[in-house]
Amino acid sequence: MTHAIWAEGLVKRFGETTALAGVDLAVRTGTVLGLLGPNGAGKTTAVRVLATLLTPDAGHATVGGYDVVHQAHQVRQLIGMTGQYASVDETLTGAENLLLIGRLLGLPRAQAKQRGRELLAQFGLSDAAGRATKTYSGGMRRRLDLAASLVGRPPMLYLDEPTTGLDPRARAGLWDLIRVMVDEGVTVLLTTQYLDEADELADEIVVIDHGRVIATGTPEELKAKTGAQILAVRPADETHVPLVVSVVGELSRAKPEVKGQLVTAPVTDPAVLPGVVRRLDDAGVVVTELALRGSSLNEVFLHLTGRPADEDETADDTEGSVAS
């Protein structure tokens, strides 16, 4: 089967709010599809439809060849799901949590225990297996939550904002675990607002906004779609920032962005770089950073949606409950 997940024309409404307005998705077997979008864009709603937790108002979708509406039971047997918040029982130990999941899935007790031990070892939690989960750090809880979703060895895994609230080290550790699972053949549908996460993990990306798909492609293809490189200039003297902004803005014919002493702007003509160098040199401006680089996913996202990926909006209340 070429595509593990296939969706066409998905529509979902909540009263007067249209969470999905005709979304198409195609996830190739054994790959990671990154589903990106601002708060309220429809990401979590799409995941919940594909997990059989919501029934679409229009369109259709299949997971592993099974229809998510008419063959929901078969779909549920194929997927594991990790949501935005850890769902493990804090009063149980790590081992007890996995044993519980295994028994709920119908595994014999001995087999459920063995599977739990395997996963605790794989996720670096063996030493904490006998501790109550409430004593775990945030990163440990997320690893245990991910392990719980794998007890039944699902061929497909839905990760909805899996690293929310984790520190950089814990995020990097979880990324490594996801890579291992994909190498073993698991298909992953990933929603995230961390664009570096999508850049690191996703084979393909779908960007949705206001319930509609607005861009698709590999990370590199999306970066190329902006049609621009990014000029970055950092003056040694903070008082020279306004002058740098003026020079960069004039030569790039774009509005520069300023973060601290770093001035950046999109450029389509590589000749802008030597022009900026000459102008700043004539003005006696010493720079500590000067570069012309390709667009980042953050810049692509801003170009496509008109706002940063982490910008909140009033629709977020809907997203957090039913219409992400």
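The values are calculated or read from the model by the stated rules, or taken from the named source; none is laboratory data. What you see is a predicted model, and the numbers here were worked out from it, not measured in a lab. A quick note on method: Cβ atoms are made from the backbone with ideal geometry, for glycine too, and the neighbour counts reach across all protein chains shown. Accessible surface is based on the protein model in full, side chains and every heavy atom, while ligands, DNA and RNA are left aside. Shrake-Rupley method; radii C 1.70, N 1.55, O 1.52, S 1.80 Å.
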Worksheet entry | Residues of segment 124-138 classified as touching a residue at least 24 places away in the same chain (Cβ under 8 Å) and either surrounded by 19 or more Cβ atoms within 10 Å (Cβ to Cβ) or hydroxyl-bearing (S, T, Y) (or both), total | 5
Worksheet, complete the sentence: Scanning segment 235-265 for residues that are open to solvent by 60 Å² or more (accessible area, probe 1.4 Å) and assigned to a strand (DSSP E or B), the one nearest to A224 (Cα to Cα) turns out to be E257
Worksheet item: Right, G116: among the small types (G, A, S), surrounded by 16 or more Cβ atoms within 10 Å (Cβ to Cβ), in contact with a Pro (Cβ under 7 Å, 6 or more places away or on another chain) and not in a loop (DSSP other than H, G, I, E, B) or not?
Response: no
